[in-house]
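Have a look at the structure below before the remarks.
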Amino acid sequence: PPPKKPEIGSMVRIKGGAYPVGPDETDPVVSPGGSVTVGDFYIDRYEVTVGEFAKFLNVGSNGEHYMDDMADSFFCGIVKNAAGRFSVTPGREYYPMAFMRAESASAYAAWAGKRLPSECEWEIAARGAAGRRYPWGNEPPDSTRANYHYLFGHTTPVGSFEKGKTPEGAYDLAGNVWELCDEIWEEYPWGAKLPGRTRGRQIMRGGSWMTPAVNIASSYRNAMKYSGWAAMIGFRCAKDAE
């Protein structure tokens, strides 16, 4: 279990200004280093949990965002009963939601009065003004900081890695589940445009419990290679500051 009960739904405020973005060291021609300016915004302290998503499914017609694999208590743990209601397998409430598609994540965010983060907002939250390599700093990842590369074999409850949080207090921005952003993959505006690149795939950031260390650096860019419903894809929400 996490060291302390997570403050579910809480957010951290990120101060607006100019921030470094990139380079993605695995693809520096298309995604070189640049700078973006953003206004103040909030980002969820934790990845959206199984318990939170189950509440959403039980409202109105949101059950359309359920799929049967979510009943698997090893990866998720939301069960649909005969009456069409959704319940959480005991003990899974604080695990990150998985099997996410962009449309389902966006629907949840709107229901919660939030939105998905932009790709740059996500990276800014993970790296800060100093352009940290990882959410916690520049030290390489290990099992005290993040859930990655099959170290644990499955997701871990949100907030489990106190040493892996950002200085602002956001947890699990590296590993656990990939986090969907509100954008389709394309070259950075300041990067080279390469013919034949696959576009039209939803951006996801941060790596998962399966991802090797080289791909959980906070500037690493990934895009969904699936139609969705994968056991390593989740999300967190953001919103504009007032």
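Listing for the model above:
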item: Candidate set: the stretch 93-107, residues that are assigned to a loop (DSSP other than H, G, I, E, B) and hydroxyl-bearing (Ser, Thr, Tyr); chosen: the one surrounded by the fewest Cβ atoms within 10 Å (Cβ to Cβ); result: Tyr94
item: Residues located in the stretch 78-92, provided they are open to solvent by 40 Å² or more (accessible area, probe 1.4 Å) and either more than 25 Å from the chain's Cα centre (by Cα) or more than 11 Å from Gly51 (Cα to Cα) (or both); result: Val79, Lys80, Asn81, Ala82, Ala83, Arg85
item: Selected residue (only one of Arg132, Arg145 is in contact with a Phe, Trp or Tyr (Cβ under 9 Å, 6 or more places away or on another chain), in a loop (DSSP other than H, G, I, E, B), among the charged types (D, E, K, R) and modelled with pLDDT of 95 or more); result: Arg145
item: Count of the stretch 210-231 residues which are at pLDDT below 95 and either over 19 Å from Gly22 (Cα atoms) or assigned to a loop (DSSP other than H, G, I, E, B) (or both); result: 8
item: Among the residues listed as Gly191, Gly207, the single one being in a loop (DSSP other than H, G, I, E, B), surrounded by fewer than 23 Cβ atoms within 10 Å (Cβ to Cβ) and not polar (S, T, N, Q); result: Gly191
item: Matching entry among Glu168, Glu139, Glu242, Glu187 (being farther than 26 Å from Val30 by Cβ, at pLDDT below 95 and not β-branched (Val, Ile, Thr)); result: Glu242
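The values are calculated or read from the model by the stated rules, or taken from the named source; none is laboratory data. If you're wondering where the values come from, they're calculated on a predicted model, not measured in any experiment. As a convention, Cβ positions derive from the backbone with ideal geometry for all residues, glycine included, and neighbour counts pool all protein chains shown. Just the protein is used for accessible areas: all its heavy atoms, side chains included, with ligands, DNA and RNA removed. Shrake-Rupley method; radii C 1.70, N 1.55, O 1.52, S 1.80 Å.
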